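Colleague: I have a structure here, written as structure tokens, and I will follow up with some questions on it.
None of the figures in this text is laboratory data; all of them are computed from the coordinates on show. Just so it is clear, the structure is predicted and the values come from calculations on it, not from any experiment. Every residue, glycine as well, gets a Cβ built from its backbone with ideal geometry; the counts of neighbours run over all protein chains shown.
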Amino acid sequence: MVTAAALLFAGYGPTHTAAARALSAKARVTARVPLPRPRPAEAPSAKAEPSTAPDEKNTEKAEPPPPSACRLALTDQVAIAPSIPDIHGPGGCGGEDLVRLEAVVLPDQHHVALKPAAILRCKMASAVADWVRTDVAALAKSMGSVVTDLDNFDSFECRSRNRIAGAMLSEHGRANALDVRSFKFADGRTISLTDRNVARDVRESVLHSVCTRFTTVLGPGSDGYHEDHIHLDLMERHNNYRICQWYVWDPLPAVAPMLPEPRPEGAPPREVTDEPAGDKPAPDQTAQKPPADHPPAKKRR
């Protein structure tokens, strides 16, 4: 750059002297300023990376919500019901504040196992636990035993009502329903709620207890889909409308023994004797009795 400035100064007249000096001075300043080194090939990309520093707003959203009042009340002294993550399935299936109800703990610390465990909303699980602890336990005590198992026929299942295509979402799909078939007692007895051979007063006792606690009760005689189990849920309706449709059928009548078919006309007549069967001597006694005209044997001396 200095050489170019000198040649420019020498090749032109005095009128270009000032411009040449300025150019020469600029060249000297440029020569003194160090240029940045070229970027190494192995250097990372110069694109701005997203910040890894914790964002206060994102941190607040990631924190789990505080436990509900139901969750705080459903302690291990009431039920074995661990919380599970929320479920958000298709068509509105699932829910929040869910638990896996594995067993109900009676006041005397006996456990009533749900077989299998039921996936329910906390409020529904709490209602089932209160029912078993209070009503079912009292029923078992009146029958001289203790309830040990509850047969869970169905709990959470993402499906329509009665599995009919196009029907409304079932409360089972909202984890808000439980189907019960029977109770098992400590003495080995099993009480099926839809068995007509079970005493009517026992089944009616269960009917009154569930219709008091749950907003929907469906059983035999309701719609043809609940002949072998009892459906319970806590569906919320306008004006707290409730449904209790369970017809407690009377026990089945005893079946009389079948009468013998009439004897065919062409059959030979039965042999009839006037001598009572008890008057006949035993065969061995008849063989040992001597004939009437046979003289008795003489004794040997």
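Colleague: How much length would be gained if the chain were fully extended between L252 and T75, taking 0.36 nm per residue of separation minus their Cα-Cα distance, in nm to one decimal?
Modeller: Separation in residues times 0.36 nm, less the Cα-Cα distance, equals 59.4 nm.
Colleague: Tell me which residues come under 5 Å, amide H to amide H, from S160 once H is placed; ignore anything under 5 positions away on its chain.
Modeller: Under 5 Å from the amide H of S160 lie the amide H atoms of S170, each far enough along the sequence or on another chain.
Colleague: Continuing with the same structure: Mind listing the phi-derived Karplus ³J(HN,Hα) values for the range 72-88, rounded to whole Hz, using 6.51, -1.76 and 1.60 with θ = phi - 60°, and x for any glycine or proline?
Modeller: 3J(HN,Hα) across the range 72-88, in whole Hz: 5, 7, 8, 8, 5, 7, 10, 7, 8, 8, x, 6, 10, x, 4, 10, 10.
Colleague: Take the alpha carbon atoms of the range 190-257, find their center, do the same for the range 76-143, and report the distance between the two centers in whole angstrom.
Modeller: Computed from Cα coordinates, the inter-centre distance equals 20 Å.
Colleague: Say a paramagnetic label sat at a point 7 Å from the Cα of S83, along Cα to Cβ; which residues of the range 106-122 have their backbone N under 12 Å from it?
Modeller: 122
Colleague: Based on the alpha-carbon gyration tensor of the range 74-245 and its eigenvalue square roots a ≥ b ≥ c, which shape applies: rounded if a/c is under 1.5, prolate if not and a/b is larger than b/c, or oblate?
Modeller: oblate
Colleague: Let me ask something else about it. Within the range 222-253, find all residues whose amide N lies under 18 Å from a label point positioned 7 Å from the Cα of N197 along Cα-to-beta-carbon.
Modeller: 228-229, 249-253
Colleague: Tabulate in residue order the Karplus-calculated ³J(HN,Hα) for the range 166-175, using 6.51 cos²θ - 1.76 cosθ + 1.60 with θ = phi - 60°, rounded to whole Hz; enter x for Gly and Pro.
Modeller: x, 6, 5, 5, 6, 5, 4, x, 9, 6
Colleague: Also, quick follow-up: Suppose R0 equals 25 Å. What FRET efficiency, 1/(1 + (r/R0)^6) with r the Cβ-Cβ distance, do S142 and M235 give to the nearest 0.05?
Modeller: 0.25
Colleague: Taking amide hydrogens as modeled 1.01 Å from N in the peptide plane, which residues meet the under 5 Å criterion relative to A79, leaving out close sequence neighbours?
Modeller: V105
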